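Asker: The structure under discussion is supplied below as structure tokens; questions concerning it will follow.
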Amino acid sequence: NTVFENMKNNVEVRGRNSHPQVKDNHIRGGKRAGVSVTDDAAGEFGGNTIEDNVCAGIEIGKGARPLFSNNHVYEGKRSAVIVHGGASGMLQGNDVHCSVYAAIDTKPEAETVMEGNRIQECVDELP
């Protein structure tokens, strides 16, 4: 699937009973996050290309506990990945590059496990 240029988040997963498998998609050009997981949602996200979103490529909000593995996240206008306080989850084997701010921005009280991610070419300064 190709998911692109939505006015808000390109993919949004919310709520305690949400646990989708989102695999092998091209997610690009969203006016907010490429993928947003929040409000106690979970899910497995793998093999996706997530690029050129106005906010984070991946946003993990309060209470969320997703698994992101083997995704390619790049050309974001903000941080590639933002993990908010109260969120948990796992980032495993992702390629993260060419974001304007931090590649992976973990806020206070975030509990995310990160393993084997490849991070390069992040600018980390104001545009």
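Asker: Please specify each residue of the range 74-104 satisfying the condition of being touching a strand residue (DSSP E or B) at 6+ places or on another chain (Cβ under 6 Å) and charged (D, E, K, R).
Answerer: Residues satisfying the conditions are 75, 95.
Asker: Report yes if some residue within the range 62-73 is basic (Lys, Arg), open to solvent by 40 Å² or more (accessible area, probe 1.4 Å), modelled with pLDDT of 95 or more and not in a loop (DSSP other than H, G, I, E, B); otherwise report no.
Answerer: no
Asker: Collect the residues in the range 74-100 that are over 14 Å from residue 117 (Cβ atoms), in a loop (DSSP other than H, G, I, E, B) and among the small types (Gly, Ala, Ser), keeping them in residue-number order.
Answerer: 76, 85, 86, 87
Asker: While we're looking at this one, here's another question. Tell me, please, whether a residue that is open to solvent by less than 40 Å² (accessible area, probe 1.4 Å) and not in a loop (DSSP other than H, G, I, E, B) can be found in the range 107-118.
Answerer: Yes, the range 107-118 contains a residue that is open to solvent by less than 40 Å² (accessible area, probe 1.4 Å) and not in a loop (DSSP other than H, G, I, E, B).
Asker: Let me ask something additional. Could you grab the pairs with beta carbons closer than 7 Å, sequence gap of 6+ or different chains, first residue in the range 1-16 and touching a residue at least 40 places away in the same chain (Cβ under 8 Å) and closer than 15 Å to residue 76 by Cα, second one outside any strand (DSSP E or B) and open to solvent by 60 Å² or more (accessible area, probe 1.4 Å)?
Answerer: Correct list of pairs: 9/32.
Asker: In this structure, is residue 91 modelled with pLDDT of 95 or more, buried (at least 19 other Cβ atoms within 10 Å of the Cβ), at negative phi and in contact with a Leu (Cβ under 9 Å, 6 or more places away or on another chain)?
Answerer: Considered against the rule, which asks whether it is modelled with pLDDT of 95 or more, buried (at least 19 other Cβ atoms within 10 Å of the Cβ), at negative phi and in contact with a Leu (Cβ under 9 Å, 6 or more places away or on another chain), residue 91 comes out as yes.
The values are calculated or read from the model by the stated rules, or taken from the named source; none is laboratory data. No experiment lies behind these values; they were computed from the predicted model shown. Ideal geometry is used to build each Cβ from the backbone, glycine not excepted, and the neighbour counts take in all protein chains shown. SASA here: full protein model, heavy atoms, side chains in, ligands and nucleic acids out. Shrake-Rupley method; radii C 1.70, N 1.55, O 1.52, S 1.80 Å.
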